[in-house]
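Here is the structure we will look at.
The values are calculated or read from the model by the stated rules, or taken from the named source; none is laboratory data. Fair warning: this is a prediction, and the values are worked out from it, not measured in the lab. Note: ideal-geometry Cβ built from the backbone for every residue, glycine included; neighbour counts use all protein chains shown.
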Amino acid sequence: MKKIIFSLFVFFYSLNFFSQDFETVDKVMLSYQEPKSIKNLAERIDYDFKSDIEKVRAIYTWMCLNIAYDLPSTKTLKSPEFVNYSNKDDFRRTQTQIIQEIINKAFRKRKGICLEYSLLFSQLCNLMNIENELIYGYTKLSVNKIGYIPTGKNHVWNAVKINNEWLFIDTTYGAGYIYRGVWQKEQNLNYFNAKKENLRLTHFPFAKNWQVLLKQKPLVEFCYEPFYQNAYLKYNIEIIGPNIGEIDVKNKKKIHLKIKRQKNVENIKYIFSYDNKVRTARIINDNLVTNIYLKKPKQNTNLHVYVENELALQYKIKTE
């Protein structure tokens, strides 16, 4: 009996621990003045907050507010640089120096790509003795990548271990998004302690241990899925069909999508890339299932589906 009570206590403690309100943490981070150095920032966060989860949230919020995506930089991870070294110790020192230069540059310029975001996040965690790891993998960069099978990695994000549980953090995705070639700063909380069932829709880790933890599908299946966007996660949508990212409507009169959602969805619009005209979808709600009927396009194109005026899904459409 005591064992059962203890187990229930641990369960509810853990549930409360990871679902706590971070509003106070975010407000404190909004009041932060410019830190003099990375160490200075870490020391202040370490002083201001008690628990590791609050400190990790503070790092996430500060980075989302202060580090912009470096658009001129390449969107793929750079190949390792060739360095001269005389022995293994010399090689490690040189590599450490190169990594530190990358981190310092991102902090100084307040800009970076995923590598800079993840390395800076990791260093801030290290300075506060919070266990963490970098996760290298692949994410789709556009709807045009549906069906493309990568041969290398193009993204890196973070995992932190708190209360003996791994939490997934992606400050790159959390800081904003690119719209028509312009960086839009907008903090997205979906990528702080990201839900596994959501993260595996957008992120594919290459290391087997992370694939197992996420219960990730095979790479080929991941690459052929639709391109999931923020509104899909925000409104807790689940695709019933089609769950393949390329829809062939050659012998069909219209496009039929079927989704499962938490509540009625009334405002669904769509755009075909070839004409950029906003159209309103015909929807039929049946219990928690929504049937969405769209006009058939006149040519091969990309389909962009909006829920409550926010981009939710993207498909490739084949008409011939």
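For the range 286-311, give me each residue that is under 25 Å from LEU141 (Cβ atoms), hydrophobic (A, V, I, L, M, F, W, C) and out of contact with any Leu (no Cβ under 9 Å at 6 or more places or on another chain). Let's see the steps before the verdict.
To start, the set of residues in the range 286-311 that are under 25 Å from LEU141 (Cβ atoms) comprises 294, 297, 299-311.
Then keep just the ones that are hydrophobic (A, V, I, L, M, F, W, C); that gives 294, 303, 305, 307, 311.
Answer for the range 286-311, where residues must be under 25 Å from LEU141 (Cβ atoms), hydrophobic (A, V, I, L, M, F, W, C) and out of contact with any Leu (no Cβ under 9 Å at 6 or more places or on another chain): just LEU311.
Looking at this structure, is LYS263 more than 27 Å from the chain's Cα centre (by Cα) and of a type outside the set (Val, Ile, Thr)? No. Which one is farthest from THR139 (Cα to Cα), of the residues in the range 214-241 that are in contact with a Lys or Arg (Cβ under 9 Å, 6 or more places away or on another chain) and acidic (Asp, Glu)? Among them, the one singled out is GLU238. Checking the range 180-189 against the condition returns no match, with no residue being within 22 Å of GLN216 (Cα to Cα) and in a strand (DSSP E or B).
Of all residue pairs spaced 6 or more apart or on separate chains, none has beta-carbon atoms under 7 Å together with a first member in the range 185-204 that is outside the structural domain of THR139 (by TED's automatic domain parsing) and a second member that is among the acidic types (Asp, Glu).
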